[in-house]
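Written below as structure tokens is the structure these notes are about.
The values are calculated or read from the model by the stated rules, or taken from the named source; none is laboratory data. Being a predicted model, the structure only gives us computed values, none of them experimental. Methodologically, a virtual Cβ is constructed for each residue, glycine included, from the backbone with ideal geometry; neighbour enumeration extends over all protein chains shown. Just so you know, the surface numbers come from the protein's heavy atoms only, side chains and all, with ligands and any DNA or RNA stripped out. Shrake-Rupley method; radii C 1.70, N 1.55, O 1.52, S 1.80 Å.
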Amino acid sequence: MGLQDNEFLGKGEAASILYHDIFDYPLNAKEIIKWGVGKKGLSVFKKTKEILNKDGLYFLKGKENLLYKRALRERISNRKIEIAKKNASILAKFPTIKGVFVTGALAMNNAEEESDIDLMIITKINCLWTTRLLTYLVLRIMNYGVRKPGDINQKDKLCLNIWLDESALSWERCDRNIYSAHEIVQIVPIVDKENICQRFLQKNRWILDYWPNAIHIEPIGENKYSKIHTQFVNIVEQLAFKLQYLYMKSKITREIVTIHKAIFHPRNWGEVVLQKLST
């Protein structure tokens, strides 16, 4: 049975099962409703496939093994979340850090044993690069596992691959699609100061075009940034940016690196997912 003739699922719900199959993640009934695909998202689905149900989970025909895989990955993810929380307790002490969020597969309780721990950090305005430099220094001094470029062994290491300051919370327009929307919706806050999580979501309301039921975005008032105006602090931030940018300049491919934003995603996963959805 395909999307159009499935008797117990609407198009949005069935499309959600197809989407999550890319990540080997079967859904239960509650999750199917939560992750129902919106009208804008439905346009990327070109094929239909048979959907089965067993033990309360929905999956594509021939993928029954995913039921065991999901249970296993949930146990693995629970352990990794505790590691993330332990590390976040250190990051929470930084006065310039406003938010720490688990992202990627771990945010969906779908992490593999050998995978790293993806984190997104939000800082005060004009403090990103100074904070990033100090964060890495502190974590390494304390012997916390931090992933380095080219690491073969990634298991349980922190991968701080998204950095935003509070003035640059909107996702790049050129990178807005069903995949990036899902990545934003699924974030798990483990440090959330001054309602920064809802402020981030508010700046990215476009995600509801793809996943309208997945999250509630609370109305919030206009934010006044806690700017640090001293010339010395601004000079230090500019210096920290220039030093780190020079170090990574030769390695940059499609990463976004500005004074207010650093997103280290060398592979275009959105493009990969869109291609899989159409085949």
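Counting only DSSP H runs of at least 4 residues, each contributing -39500 (n - 2.57), and dividing by the residue count of the chain, the helix-based mean residue ellipticity at 222 nm comes to -11500 deg cm²/dmol.
Each of 207, 264, 244 was placed along the dipole of the chain (beta-carbon charges, centred on the mean Cα), and the one lying farthest toward the positive end is 244. Here the ratio of the Cα radius of gyration of segment 1-101 to 2.2 N^0.38 Å is 1.38. For segment 150-279, the equivalent ellipsoid derived from the alpha-carbon gyration tensor has semi-axes of 26, 23, 14 Å in decreasing order.
Atom-type composition of the exposed protein surface of the chain places 54 percent of the accessible area on carbon and sulfur (1.4 angstrom probe).
With protein chains left intact and a 1.4 Å probe, residues in the chain average 52 Å² of accessible area per residue.
Along the Cα-to-C-beta direction of residue 275, a point sits 7 Å from the Cα; which residues of segment 142-176 have their amide N less than 19 Å from that point? Only 175-176 pass the distance filter. Under a model in which nothing but the beta-carbon of Lys, Arg (+1) and Asp, Glu (-1) is charged, segment 127-279 shows a dipole of about 500 debye around its Cα centre. Taking GluC sites (Glu not before Pro) in DSSP loop states with no more than 14 other Cβ atoms inside 10 Å as exposed sites, the chain has its longest site-free stretch at 115-171.
The amide H of residue 161, built 1.01 Å from its N in the peptide plane, has 119 as neighbours under 5 Å, considering only residues 5 or more places off or on other chains. Remark: the chain carries a charge dipole of roughly 560 debye about the Cα centre, counting +1 on each Lys and Arg Cβ and -1 on each Asp and Glu Cβ. In the structure shown, the pairs 61/148; 157/249; 46/80; 86/203; 34/203; 34/61 are assessed against 30 Å; a Cα-Cα span above that value is assigned to 61/148; 46/80.
Segment 171-196 and segment 98-161 have their alpha-carbon centroids 16 Å apart. Our compactness index for the chain, the C-alpha radius of gyration over the empirical 2.2 N^0.38 Å, is 1.06.
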